[in-house]
Amino acid sequence: EAYLLGDDLLVAPVVEAGATRRRVHLPSGTWVHWFTSEAARGPTDLDVEAPIGRPPLYVRQGAIIPMLAEAVVTLSRTDAADVVDEFDREAIVRARIVPAGTREVTLEDDTRLRVEESATSLTLRFEPGRTLRDLRAEIDLGHRGSGSAPPITIGAVTREGGSALTPVSDPAMVAAGCDGCWHYDARGATLRVGVRGRAAISVR
């Protein structure tokens, strides 16, 4: 009843009518709940809430999860003015990242995302491919591999070469698209970064 979607997403759909909780088995490693950001270390069995629209979905520590632009509602091309399809936002890639050590993914258009994480720093490298050139990344620093209380001092977010990215007060500004801006949610220990074009972003 539960399955892995790729290497890094564990899905536990609710198949019992009326159920709002279910038992989930997590394999070895650290797993972060997609919706609540609660972490658990496997192997273990958990009894978790599963309300409609928020099934148990877990991300493996170390994952880089590429996603479509937030506004996209269909993968089919459409001319409807009130419907955003994949091709309307084809240059945008979102990524949800739970960093642990060094990890790299290559997407279908040869876009590359690489994360290098240590106890004192983190580097995110973005190499645009044939289509994707606008990155909007969400980095979970609270559950990274080198510790749950990040010693990284947020405030030094730079491009390769040392030029500083611009801090913004609202995460929606990153979600809307920017070239070189970032927002840090201290409560959720989440860093959001937006860049256009090739970039190596360092967080120290």
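Couple of notes before you dig in:
- Charge dipole (debye, nearest 20) of segment 47-204; +1 at Cβ of Lys and Arg, -1 at Cβ of Asp and Glu: 580
- Judged by the ratio a/c of the largest to the smallest principal axis of the C-alpha gyration tensor, segment 1-108 counts as oblate, that ratio being 1.5 or greater while a/b is no larger than b/c.
- Whole-angstrom Cα spans of the chain along principal axes, big to small: 52, 48, 31
- Accessible area per residue for the chain is 53 Å², calculated with a 1.4 Å probe on protein heavy atoms, without ligands, DNA or RNA.
- Qualifying GluC sites (Glu not before Pro) in segment 45-104, where qualification requires a DSSP coil assignment and no more than 15 other C-beta atoms within 10 Å, comprise Glu70.
- If R0 equals 25 Å, the separation of the Cβ atoms of Phe35 and Val83 corresponds to a calculated FRET efficiency of about 0.45.
- Net charge dipole, segment 1-76: roughly 60 debye, given to the nearest 20, about the Cα centre with Cβ charges of +1 for Lys and Arg and -1 for Asp and Glu.
- The chain, relative contact order [Cα under 8 Å, separation at least 6], %: 15
- Sites Asp47 and Thr166, calculated FRET efficiency, Cβ-Cβ separation with R0 45 Å, nearest 0.05: 0.55
- Where only DSSP H runs of four or more residues are counted, the chain gives -500 deg cm²/dmol as its mean residue ellipticity at 222 nm, each run worth -39500 (n - 2.57).
- Asp109-Ser121 pseudo-label distance in nm [points 7 Å out on the Cα-to-Cβ vector]: 3.0
- Only one residue of Ala12, Leu141, Phe87 has its Cα farthest out toward the positive end of the dipole of the chain, where Lys and Arg carry +1 and Asp and Glu -1 on Cβ, and that residue is Leu141.
- For Arg22, Arg187, Arg130, Arg60, the ranking by accessible surface with the largest value first comes to Arg187, Arg130, Arg60, Arg22, using a 1.4 Å probe.
- Oblate is the label for segment 17-68. Its Cα gyration tensor axes, ordered a ≥ b ≥ c, give a/c of at least 1.5 and b/c at or above a/b.
The values are calculated or read from the model by the stated rules, or taken from the named source; none is laboratory data. This one's a predicted model, so the numbers in the text were calculated from it and none came from an experiment. Counting neighbours? That spans all protein chains shown, and the Cβs are built from the backbone with ideal geometry, glycine included. Please note that ligands, DNA and RNA were not included when accessible areas were found on the heavy atoms of the full protein model with its side chains. Shrake-Rupley method; radii C 1.70, N 1.55, O 1.52, S 1.80 Å.
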